[in-house]
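A.B. asks: The following block contains the structure, expressed as C-alpha cells.
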C-alpha cells in the first residue's frame, strides 16, 4: 500500500523540477511548460490529501487551479506569440524593453 | 482476477469495429456512386464487395515514404494517435442490453465509466493531436494548412458538441452512458418512445452538425479539401500510415453514429419489443440489431449529406461554429433548465 | 507488491522522467511531447486515487486544451524544429540553491509530520455529483469568479493576438 508521504514526495520532486526549469531556461515557452509542471504538482498534492482524508474539497480546489492554468495558457501564449511577431524571438533575455 | 471478460469484449468490439469500418468504406463508395449515377467499385469480387480487402492489401504492400524534411518521430506518431483515439472511444458506448449467456448476465459495454460522456469529449479532444501533428511534421505547407485548419475546427466545434450534450445530461441526471440509455425507456402518451431526440431536438441537431465537423466529413472537410490543399494533413502520407488515417476517419464516423444512437435515439431500445413475449436471448440479440440498424441509418445520412451539400468556406465554418452553433446550444441548455424547473414545480 | 503499488511506481518513474525531459531537453518539440506524458501520468495518479472526475477533466482540459495551445505556440514561434534552444544555462547556481532550499523545507515538513495513515479511497464512488453539488452551494462565489476570470482571459487573449489594423 502506498502511503500518503510517497505522493507528497513525488509532487515535491515534480515541483522542484518545475522550479529549476523556470529559473534556468531562457525560452519563454519552456518556462511556461515548467510553470504548468509546478501547478500540476500542487494539484497532485491536493488530490492526494483529498483522497487520503476522505474530503472532496481538495478536488474542488484542483478545478480552480485548472481554471487559472487555462486562463494563463490563453493569455500567456497570446503574449508570447505577440512578442514573437514583433521581435522574432522568444528568448527571455532579449525581451528586455522594460529593463532600461 | 476476472480479466477474461473484458479481454473477450475488447477483442470482439475491436474486430467488429475494424470490419465495420471496411464495410462502411465500401458502402460509402457504392452509395456515392449510386447518387452520382455511376457504378462505383465493381471489379473485385461479386459486385465489388471485396474492394476494401484489396485496398487494405494494397496499402500494406506499399512503400512507406517519409519526406526528407519531415520530423520522423512525429510523422510516425500522428497516425497512431489518430487510430488509437478513434478506437478507444468506443469503449464506453453500450451497444446492447444485458445479454444472458451461459447462465450469467453480461453487460454489453467494455468499460462502464461513470464519467463516460466526459471521457468521450476528452478523447475527441485528443483527436486534435493526430491531425495537427501530421500536418506539422510533414513540413509541407499544404499539410500545415490542413493541420491548422483541423485543430481550429475541432476546437471550435468541440465546444458546441459538449454544450449540446448538457441538455441530455440534465434530463438523465448522470454522466454514465449506460444510464443515459436506460433513462430513455418508457413512452409518452403510451406510444411515443421517450428518446432524447424528441425531448432534445435542438441538442440533437447541434450535436449532429458538430459530429460532422468532428469527423471531418463534408460539408466540413476543410482539413483535407482536395481542390485547395491537395490532401490536407495527409498529403505526405503513404502506405499503411495513410491507411491508418483513412481507417480512423471511418472508425470516427462509426463511433459518432453509435454515440448519436446511444445518446439521442434511445440506444438499443426497440419500441414495444418487451411486449412481444420473446425469449430473453432473442430479445437481447434483437436489441443489438436495433442499435446497429439505427447506426446504419445515421451513417447513410452522413453519406447522403456528403453528396448533397457543398463544402463550407473557412470563414463560413468559423461563423457557423461560433456565431450560430455555440449560442444555440447555450440557449438550449437554458431552455432545458427552465422547462425542467417548470415541469417539476 | 500488489498491482496498485506497481502502477504507482511505474507512473512515478514515467512522471519524473518526462518532467526532467521537459525541463532539460534541447528540442522544444520533444519537451512538448514529454509534457504530454507528464500530464497523462498525472491523470493516471488521479485515477489511482479514485478521483475519476478530476482525472477525466485533466485529460479534457490539460491534454486536450492547454497542451494544444502550447503546441500551437511551439509551432508558431519555432521555424527550425531541430534548432538548439538551450542558449546556455543561466543562473545555475542560484537556481540550485533556491530549489534545494525549497526541496529541503518540503522534505523536512513531509518527514516530520505524522500523516494520518488512512488508506486511499479504493472503491469506485462517483465524485462528480458531490463536486457539482459543492460548486453550486458552498463554493458558488469562487465558481462564478472563476468563470469571470475565464471570460476576461478569452477577451484578453483575442485582443492581444489580433493583428493590429493599419490605420
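A.B. asks: Only one of B:175, B:165, B:133 is more than 16 Å from the chain's Cα centre (by Cα), within 23 Å of residue C:129 (Cα to Cα) and in contact (Cβ under 8 Å) with a residue 40 or more places away in the chain. Can you tell me which? Spell out how you get there, then give the answer.
C.D. replies: On the way: B:165 fails: more than 16 Å from the chain's Cα centre (by Cα); B:133 fails: within 23 Å of residue C:129 (Cα to Cα).
Just a single option satisfies the conditions, and that option is B:175.
A.B. asks: Return the residues of the stretch C:44-62 that are modelled with pLDDT of 85 or more and within 9 Å of chain B (Cβ to nearest Cβ); say none if nothing qualifies.
C.D. replies: C:53, C:55, C:56, C:57, C:58, C:59, C:60, C:61, listed by residue number.
A.B. asks: Given the residues A:42, A:20, A:68, which is the only one that is surrounded by 20 or more Cβ atoms within 10 Å (Cβ to Cβ) and either assigned to a helix (DSSP H, G or I) or free of Cβ contacts under 8 Å to residues at least 40 places away in the same chain (or both)?
C.D. replies: On the way: A:42 fails: surrounded by 20 or more Cβ atoms within 10 Å (Cβ to Cβ); A:68 fails: surrounded by 20 or more Cβ atoms within 10 Å (Cβ to Cβ).
One residue alone meets the criteria, A:20.
A.B. asks: Let me ask something additional. Can you name the residue in the stretch A:74-85 that is facing chain C (nearest Cβ under 7 Å) and touching a residue at least 24 places away in the same chain (Cβ under 8 Å) and is also nearest to residue A:14 (Cα to Cα) among such residues? Don't jump to the end; show me each part of the working.
C.D. replies: From the stretch A:74-85, those facing chain C (nearest Cβ under 7 Å) are A:74-75, A:77-82, A:84; that's our starting set.
Of the ones still in play, those that are also touching a residue at least 24 places away in the same chain (Cβ under 8 Å) are A:77, A:80.
Details: A:77: 23, A:80: 25 Å.
Within the stretch A:74-85, the match that is nearest to residue A:14 (Cα to Cα) is A:77.
A.B. asks: Check residue A:2 against each of (1) part of a helix (DSSP H, G or I); (2) touching a helix residue (DSSP H, G or I) at 6+ places or on another chain (Cβ under 6 Å) and name the one condition it does not meet.
C.D. replies: (1)
A.B. asks: Exactly one of (1) at pLDDT below 85; (2) on the phi < 0 side of the Ramachandran plot is unmet by residue A:88. Its number?
C.D. replies: Tallying (1) at pLDDT below 85; (2) on the phi < 0 side of the Ramachandran plot, residue A:88 fails exactly one: (2).
A.B. asks: Contact list please: Cβ distance under 6 Å, first residue in the stretch A:51-64 and more than 7 Å from every other protein chain (Cβ to nearest Cβ), second residue in a helix (DSSP H, G or I), pairs at least six apart or on different chains.
C.D. replies: A:58/A:46; A:58/A:49; A:58/A:50; A:61/A:46
A.B. asks: Now a separate question. At pLDDT 85 or above and surrounded by fewer than 16 Cβ atoms within 10 Å (Cβ to Cβ) - does that describe any residue in the stretch C:71-90? Working first, answer last.
C.D. replies: First, pick out the residues of the stretch C:71-90 that are at pLDDT 85 or above: none.
No: the stretch C:71-90 contains no residue that is at pLDDT 85 or above and surrounded by fewer than 16 Cβ atoms within 10 Å (Cβ to Cβ).
The values are calculated or read from the model by the stated rules, or taken from the named source; none is laboratory data. This structure is a prediction, so every number in the text was calculated from the model and none was measured. Reconstructed Cβ throughout: ideal geometry from the backbone, glycine too, with neighbour counts over all protein chains shown.
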